[in-house]
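The block underneath contains the structure these notes are about, expressed in structure tokens.
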Amino acid sequence: MTDLDVEQAMTLFPPGIYQHYKGHLYQLLHLARDSENGPSEGRLLVVYIGLELAGARPGPRICVRPLEEFGEWLPEPDGSGVHRFTFLAAEWSPSLLEEGL
């Protein structure tokens with residue numbers, strides 16, 4: 001995933017609502033590039049915000065995570081696995097909470 005340009009990455013991870021494998025909902029706002037090695041050489045970062053306030057830690061709600069981690073496959077001991085974040089919808093809807101996610 002490290003060789004993706006921003007357009008390719010936005011196709012794989014479009015802005016929208018994602019569910020973390022532990023159940024919480026997040027909105028992917030945009031992709032950014034880490035400027036540590038220059039604006040065209042830095043790794044891609046996902047900019048996202050937590051949507052659930054119940055039980056949330058105090059402090060800033062906007063987060064960044066390397067694209068590789070956001071789309072990471074997390075293997076289970078039994079050989080199965082799960083993606084760290086799963087795309088649910090392009091826009092927020094209260095029905096996302098009602099669907100028993």
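Quick one: in the stretch 58-93, which of the residues that are among the hydrophobic types (A, V, I, L, M, F, W, C) and part of a loop (DSSP other than H, G, I, E, B) is nearest to ALA32 (Cα to Cα)?
ALA90
What residue, among those in the stretch 1-57 that are β-branched (Val, Ile, Thr), at pLDDT 75 or above and outside any strand (DSSP E or B), is surrounded by the fewest Cβ atoms within 10 Å (Cβ to Cβ)?
Of everything passing the filter in the stretch 1-57, THR11 is surrounded by the fewest Cβ atoms within 10 Å (Cβ to Cβ).
The values are calculated or read from the model by the stated rules, or taken from the named source; none is laboratory data. All values reported here derive from a predicted model rather than from experimental measurement. A quick note on method: Cβ atoms are made from the backbone with ideal geometry, for glycine too, and the neighbour counts reach across all protein chains shown.
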